[in-house]
């Protein structure tokens, strides 16, 4: 209850975010329903309230069991790059589909464990993900591609998510004031997750291609 935050609690489960994300992944709502989840939190809770955002907990089915590996990774990237505090429920970091898994240290070598470690490292090293602003980036495929910036006055990250099962090529359309440097001669986008040598020009209109349920996180590198 929002009333509890006035005197008793600093943080609560963000059920609006979780419910809207499930509806988007199940095709019941359009992508912008994710924004509605954020809006409800801001509107219904006192200023300064911390949101605990999650994909799994003890009352829910395993996310990977519901949606498969690709959509689980997509949702995890969203979870770790939006405002709020991400929750990892035990076994989630190993990609478990069992409700009460028997875990061992050998699971630390699994691809899922490495994936979540990269997300945690990205969030810890870059304060824009915990204290920076979020602003949506418009695309020419708003029903399939969800893109946004996390930034402060000096640093900037671009997150692009493909909520469609098919590969998509989209144009990102940055509004005036969203770019921290004036042109590609002063900086460019470098992909940091999944990490490779891909770069994008830093300009008001940028083309990007993603595989089905693919994701990309870029960092502004100033020249």
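Quick notes on this structure:
- Estimated FRET transfer efficiency (residue 190, residue 153; beta-carbon r; R0 22 Å; 0.05): 0.65
- log10 of Debye I(q)/I(0), alpha-carbon scatterers only, for the chain at 0.11, 0.13, 0.18 Å⁻¹: -0.57, -0.80, -1.46
- Estimated FRET transfer efficiency when R0 is 41 angstrom, pair residue 58-residue 138 (beta carbons, to 0.05): 0.60
- The range 4-128 gives an Rg/Rh value of 0.97, both radii derived from C-alpha positions and Rh following Kirkwood.
- Globularity ratio of the range 132-222, using Cα Rg and 2.2 N^0.38 Å: 1.00
- Segment residue 109-residue 50, length gained on full extension (0.36 nm per residue, minus Cα span): 18.0 nm
- The long axis of helix 63-81 is offset from the longest Cα principal axis of the chain by roughly 50 degrees.
- Relative to the longest principal axis of the Cα atoms of the chain, helix 33-44 runs at roughly 70 degrees.
- Estimated from the Cβ-Cβ distance and a Förster radius of 22 angstrom, the FRET efficiency linking residue 15 and residue 130 is about 0.55.
- Remark: the residue 207-residue 66 segment gains 47.6 nm on full extension, using 0.36 nm per residue and subtracting the alpha carbon distance.
- The distance separating the Cα centre of the range 149-223 from that of the range 50-69 comes to 27 Å.
- Mean residue ellipticity at 222 nm, helices only, the chain: -9000 deg cm²/dmol; runs of at least 4 DSSP H residues each add -39,500 (n - 2.57), and the sum is divided by the number of residues.
The numbers here are math on the coordinates, done by the rules we state, and not lab data. Computed from a prediction, not measured in an experiment: that's the story for all the values here. All Cβ positions, even for glycine, are placed from backbone atoms using ideal geometry, and neighbour counts span all protein chains on display.
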